[in-house]
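Every read-out reported here was derived from the displayed coordinates using simple, explicitly stated rules and does not represent laboratory data. Bear in mind that the values here come from a model prediction, so they are computed numbers and not experimental data. Methodologically, a virtual Cβ is constructed for each residue, glycine included, from the backbone with ideal geometry; neighbour enumeration extends over all protein chains shown.
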Amino acid sequence: MSATRTRSLNEIAQKGREVFRRVVEPQLTPDDLGKFVAVAVDHDDFAMSSAEIDAIMQIMARYPDALMHLERAGYPAACKIRRCP
């Protein structure tokens, strides 16, 4: 197993947020608001789409074993988790 696979989920998220801020944010336009951004944390690369699965699949096509982090442009989180009534 590679060394990258021994990282904790927190480490992956931290690296993903760092790549998002450094690589993705400078390229964002107003039209990108609300789009999902899948970040390949070990490659400083990303894919963006209005559907999260499309962004994820684009990264998987480029880097089949990539560790990924998902962000949503302009939002504090990619998705909301809530309790069903």
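Using a 10 Å cut-off around each Cβ, can you sort Met48, Met60 from fewest to most neighbouring Cβ atoms? The partial results should precede the final answer.
Working: Met48 18, Met60 15.
With the sparsest Cβ surroundings first, the list reads Met60, Met48.
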Calculate the dipole size of the chain relative to its Cα centre from +1 charges on Lys and Arg beta carbons and -1 charges on Asp and Glu beta carbons; express the result in debye to the nearest 20. 420
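Counting only C-alpha contacts under 8 Å and six or more residues apart, can you give the relative contact order of the chain as a whole percent? Mind showing how you got there, number by number?
Details: 110 pairs, mean separation 24.9, N = 85.
Rounded, it is 29 percent for the chain.
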Quick one: if you take sqrt(5λ) for each eigenvalue of the C-alpha gyration tensor of the chain, what semi-axes come out, biggest first, whole angstrom? 20, 17, 13
Spin-label model distance (nm) - Arg17 vs Met60, 7 Å beyond Cα toward Cβ: 2.6
Taking amide H positions as placed in the peptide plane 1.01 Å from N, state which residues far from Phe46 in sequence (5 or more) or on other chains have amide H under 5 Å from it. Ala40
Among Gln58, Gln27, Gln14, whose mean-square fluctuation peaks in a Gaussian network model of the chain (Cα, cutoff 10 Å)? Gln27
Using only DSSP helix segments of four residues or longer, with each worth -39500 (n - 2.57), what per-residue ellipticity at 222 nm results for the chain after dividing by its residue count and rounding to 500? -8000 deg cm²/dmol
Checking Ala47, Ala73, Ala61 against a Gaussian network model of the chain (alpha-carbon springs below 10 Å), the top fluctuating residue turns out to be Ala61
Work out the charge dipole of the chain with +1 on the Cβ of Lys and Arg and -1 on the Cβ of Asp and Glu about the Cα centre, then indicate which of Pro26, Tyr63, Cys79 is farthest towards its positive end. Cys79
